[in-house]
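Notes for the one structure printed next.
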Amino acid sequence: MKKALITGITGQDGSYLAELLLSKGYEVYGIMRRKSVVDYGNVDHIKDRIQFIYADMTDYVSLVNAVKKAMPDEVYNLAAQSFVATSWEQPIATADIDAVGVTNILEAIKLIKPDARFYQASTSEMFGLVQEVPQTEKTPFYPRSPYGVAKLYGHWITKNYRESFGLFACSGILFNHESERRGLEFVTRKITNAVAKIKTGHQECLELGNMEAKRDWGHSQDYVRAMWLMLQQDTPDDYVIATGETRTVREFVDAAFQAAGMEIEWHGKGVEEYAVNTQDGKTVVKVNPHFFRPAEVELLLGSPKKAEEALGWKREIPFDELVTRMVANDLELVK
Ligand code: NAP
Ligand code: F7E
């Protein structure tokens, strides 16, 4: 039986990856942070099938002990301060976790289990101010947030440990992926949650920032399959995982209201932009500059060609299904 150690197991991707590995017969170990109130997050429903180890990405000793306990065949490093907006408020914590934390876990693997295969959760945020469209594995990086900068360090240190010490270390450069388990502060979930509440009369209006930002949105369930595939290859490498489609935040809003059976109409421009419910004329969306970022990533569009050809990976959940599933789930939760 193969053993896998997942950091960030309580998060969105950690939970789908744990389900996938359990379904493949893996023994799954998960790193969890100590909290004052015990909270298994997104893996509460499968907590009895997971062996939890208390550790923190900023605490090297705890990671050494975690690797010693699990003696894993595969390590998936998904733990991160993952919210871009917060990275301007907590730039040092973001660097400690998302950058130096990667060295901590790599060092723990090098010391205790150097033949373990390693996956690093890299991100399209490293492309930031994009240097070409679409973005591929060869596109130069230009991060635009403390998060993007920290993740770029994590990306390069992973490559460096592969080249320096021969570790089987891969980076997945994953574009935005969402799901019913997405944190409520990310734009997609913020939208679907608000749409569900507006539809059921629990909220009047949704306030958003930059409506023009374009993202390449997929479903987390498809993306964790790509992580696993990367670690099953003969040689370690880095791959872009994306859908090859891009949409504005406004288009996501339209799709979410449509999924809830509501029609909206847009008016105004820039910070004056708003949308009304065509049935009763009430304002249901408006712009609030509070949600603008100090520096924005305006356009992300990835090419999944290498992953499709080399890994045989394919996105299975299309955009409309992603939105429909998220809205249906939030409607159920509101009820
Ligand atoms: P998420 O839901 O925010 O989950 C983050 C996980 O990291 C949580 O389990 C969290 O634990 C854990 N964590 C945070 N700080 C930690 C620390 N100091 N020590 C140990 N664990 C810590 O993120 P996600 O969306 O699943 O993303 C997974 C990974 O992929 C992240 O590294 C993210 O940066 C990266 N990524 C995500 C996307 C995307 O679109 N989702 C795209 C590209 C890359 P708590 O429950 O204790 O907070
Ligand atoms: O923002 C705009 C915002 O916070 C998407 C993380 O998983 O994906 C994620 O990072 C866009 C941005 O995700 C609001 O300005 C407008 O342009 O959902 P988000 P993100 O910043 O793209 C990458 C790949 C990761 O690696 C990260 O870990 O939407 N936007 N209005 C807003 N965003 C938020 N959150 N809230 C708004 O009100």
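Within segment 165-193, can you find the residues that are under 19 Å from residue 217 (Cα atoms) and assigned to a loop (DSSP other than H, G, I, E, B)?
175, 176, 179, 180, 181, 182, 183, 184, 185, 186
Considering only segment 80-88, I want to know if a residue exists there that is of a type outside the set (Phe, Trp, Tyr), more than 16 Å from ligand 2 (Cβ to nearest atom), in the same structural domain as residue 143 (by TED's automatic domain parsing) and over 22 Å from residue 157 (Cα atoms).
no
Do you know which residues across segment 312-335 are under 17 Å from residue 225 (Cα atoms) and more than 20 Å from the chain's Cα centre (by Cα)?
Within segment 312-335, just 312 meets the criteria.
Being near ligand 1 (Cβ under 10 Å from one of its atoms), in the same structural domain as residue 57 (by TED's automatic domain parsing) and outside any strand (DSSP E or B) is true for just one of 128, 101. Which residue is that?
101
Can you work out which of the residues in segment 173-200 that are buried (at least 23 other Cβ atoms within 10 Å of the Cβ) and among the small types (Gly, Ala, Ser) is nearest to residue 253 (Cα to Cα)?
By that ranking, first place goes to 194.
Of 59, 73, which residue is touching a strand residue (DSSP E or B) at 6+ places or on another chain (Cβ under 6 Å), in contact (Cβ under 8 Å) with a residue 24 or more places away in the chain and among the charged types (D, E, K, R)?
Result: 73 is the single residue among 59, 73 that is touching a strand residue (DSSP E or B) at 6+ places or on another chain (Cβ under 6 Å), in contact (Cβ under 8 Å) with a residue 24 or more places away in the chain and among the charged types (D, E, K, R).
Yes/no matrix, rows are residues, columns are (1) among the acidic types (Asp, Glu); (2) under 17 Å from the mean Cα position of the chain (by Cα):
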site: 189; (1), (2): no, yes
site: 197; (1), (2): no, no
site: 204; (1), (2): yes, no
site: 208; (1), (2): no, no
site: 235; (1), (2): no, no
site: 240; (1), (2): no, yes
site: 254; (1), (2): yes, no
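In this structure, is residue 14 assigned by TED's automatic domain parsing to the domain that holds residue 112 and free of Cβ contacts under 8 Å to residues at least 60 places away in the same chain?
For residue 14, the condition - assigned by TED's automatic domain parsing to the domain that holds residue 112 and free of Cβ contacts under 8 Å to residues at least 60 places away in the same chain - is not met.
Just give me the residues in segment 110-142 being acidic (Asp, Glu), surrounded by 20 or more Cβ atoms within 10 Å (Cβ to Cβ) and without any contact (Cβ under 8 Å) to a residue 60 or more places away in the chain, in sequence order.
The answer is none; no residue qualifies.
Filter segment 137-164 down to the residues that are basic (Lys, Arg) and assigned to a loop (DSSP other than H, G, I, E, B), then identify the one that is farthest from residue 309 (Cα to Cα).
144
Give me a count of the residues in segment 285-313 that are among the basic types (Lys, Arg) and either outside the structural domain of residue 234 (by TED's automatic domain parsing) or within 10 Å of ligand 2 (Cβ to nearest atom) (or both).
Total meeting the criteria: 2.
The values are calculated or read from the model by the stated rules, or taken from the named source; none is laboratory data. The shown structure was predicted, so the numbers you read here are calculated from the model rather than taken from an experiment. Neighbour counts run over all protein chains shown; Cβ positions are idealised from the backbone, glycine included.
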